[in-house]
Amino acid sequence: MVIDKLTIKNYKCFDEIGASIETLKPINVIIGKNNSGKSSIIEIFKFLTINDKSFFKNKRNGKSPELEFEHIVNEQLIRQTFPANTSGGDIRANHQEYGLTLTNSILNYKIEENGQNKFIKIDKIIANEARQYFENYASKIASPLKGKLFSHLSAERDIQQELPTSNNKLSTNGIGATNLLQLIINRDNYDSNLVEKILLNELNKILNPDIDFSRILVQQNENENWEIYFESDNDGRIPLSKMGSGIKTVILVLILLYVMPSIEGKRPNEYVFALEELENNLHPSLQRRLYYYIYEFAKTNKCTFFLTTHSNIVIDLYNSLEETQILHISRLDNKTIIKSTLKEQELKTILDDLDVRASDILQSNGIIWVEGPSDRTYINNWIKIIDNTLVEGYHYSIMFYGGRLLSNLTFDYDIINNELIPLLKLNKNSFVIIDRDGKIISTKLNETKTRIQNEIGLNKAWITKGREIENYLSNDSIGKWLKNDYSINCTFNNEVNTKLEDNISKISKTEKIKYNLNKNKYANEIVKHIDVSNIDNLDLRQNLDILISTIKIWNKIKVLHITAP
């Protein structure tokens, strides 16, 4: 998108001298330290898009904001504003012919509070009569942003349960998303395929291969609140409230890109999208997929994005792609400056400015890798029982690798292979939990699990002693779950070399409990019946002690000891 060079003056962090943006690209990445002015840039382009007059209320030292542009005079507007049939006066010669001699001159203008352009000056000496023509000329300069819709997603966002309403609006913080989706699915004046097929399909494109959802639905709970649910072949039906905030971010982005344009009867290229810090709580691989998806969307639909970020993953990605630019906002000699950074050698300065560390890259000081959501439920519960001061998302993050993806993971710094994922290059603080899968405890580990264990180290790879992680669940806790949740009284035996689903099937009246089809649902029910007396099964406590000690080392918390299992 071609725009005139913009200089921002007297707006928040920008002083009376100002800072400039030379041009716009389809993807405009805004980076800088906290409070450097990233959100101010978003607000400025919101004003330029929808002419929100409240913009001028943000005075600096008593002075109103100024948005001044440098415009290259062109022949088309000269012919529209300088009359062809007039001669004489201060200009003397034919007025249009005179105007055409000023083509390619630099004209400065600014935007008034009423949204109109006001001529300031031109870099040539001109007749007084020509100034009047250029005042008209400036009024005809059209911004490529003006008249578009501004679609904004703020850094503070969430998708929550919501009471029913007929309002189909979406707030910048995500409020309204749940109700919007339920209206589209449940009301006959909307096409439910917009959510059930298009949104779901695009979501799976971004999440694959980590997650693959088969269905999206919205249901009311006992409090009459609507909640979004997803179904998958492995984990059954999972409420969105039980998923990480990263998936919610992806959903909100897709709502802005697909759902809102459809609801509002617009095309994507009629929007300017402003998305703030999408990387929060997203694994680097998912960051790459989401941001590349946005890049492809911008190219395909010819629309404009402003993205604020602290992520070097995003910077690395967009610095290598065409039709993108990185706008680096920083302070120099107590003055805010904006620099368009397009050269690789300049990236180190940016990363130093952002103070990038391993914990910044992954939004956590360490990563625990598990196979799926139900494993995450059990691990979090067990950690909380032993040490409730450790918090997921602050002291550690849990990422899903999926059983098959494990074959493509490597934890060896020295291996460079395009088919492998060098996780330690992103964050050396990694811990992997892997199901043994053998039918007997003495089963020899397969090549993949042996390799992972050797590369990451014995104290960073927990291979379950039973067949799967569910074999750590005590007979007592499973018995309580069946009795209290399903009114089934039994003496349960969680045989360590048998899958939990098969152990459950041995109990009468459990035909409807298909554990493997609804793993996460059942896991959330089971953990309510687990307490400290249930964590001495097999080598569970020993491995938990190692894991918790490792998390404390990641966070520089005092550790008493690590005991090998």
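Laboratory data are not the source of any read-out in this text; all were calculated from the coordinates shown. Computed from a predicted model, the values in this text were never measured in an experiment. Cβ sites come from the backbone with ideal geometry, for glycine too, and all protein chains shown count toward neighbours.
Below are the figures for this structure:
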quantity: Sites Glu224 and Asn128 - FRET efficiency at Förster radius 60 Å, r taken between beta-carbons, to 0.05; calculated: 0.25
quantity: Amide proton proximity set for His152, modelled H, under 5 Å, gap of 5+; calculated: Ala274
quantity: Net length gained if the chain between Lys242 and Ser54 were fully extended (0.36 nm per residue, minus Cα distance); calculated: 63.8 nm
quantity: Dipole of the chain, positive direction: furthest Cα of Gly18, Met243, Leu473, with charges on the beta-carbon; calculated: Gly18
quantity: Distance (nanometres) between label positions extended 7 Å along Cα→Cβ at Asn35 and Asp233; calculated: 5.2
quantity: Extension reserve of the Ser487-Lys512 stretch, reckoned as 0.36 nm per residue once the Cα distance is removed; calculated: 7.7 nm
quantity: Nitroxide proxy distance, nm - points 7 Å out along Cα→Cβ at Asn114 and Asp188; calculated: 5.1
quantity: Bridge type composition, the chain - antiparallel percent by DSSP, nearest 5; calculated: 55
quantity: Label of the coordinate-derived value, Kirkwood radius over Cα pairs in Å, listed as (i) 27.3; (ii) 28.4; (iii) 26.7; calculated: (i)
quantity: Other-chain or far-sequence residues with amide H under 5 Å of Ile120's (modelled H); calculated: Asn108, Tyr109, Lys110
quantity: Integer Hz, Karplus 6.51/-1.76/1.60 couplings in order for the stretch 280-296, x for Gly and Pro; calculated: 4, 6, 10, 4, x, 5, 6, 4, 4, 5, 5, 6, 5, 4, 4, 4, 5
quantity: Sequence-distant residues sharing a close amide H with Ile126 (under 5 Å, placed H); calculated: none
quantity: Inter-site label distance for Thr165 and Ile106 at 7 Å from Cα along Cβ, in nm; calculated: 4.9
quantity: Length released on extending from Ile557 to Arg288, taking residue separation times 0.36 nm less the Cα-Cα span; calculated: 93.7 nm
quantity: Förster radius 30 Å - calculated FRET efficiency between Glu70 and Asn301 (Cβ-Cβ, nearest 0.05); calculated: 0.55
quantity: Karplus-derived 3J(HN,Hα), 6.51/-1.76/1.60, for each residue of the stretch 533-546, Hz, glycine and proline x; calculated: 6, 9, 10, 9, 6, 6, 9, 4, 4, 4, 6, 5, 4, 5
quantity: Estimated 222 nm signal from helices in the chain, with DSSP H stretches of n ≥ 4 weighted -39500 (n - 2.57), rounded to 500; calculated: -9000 deg cm²/dmol
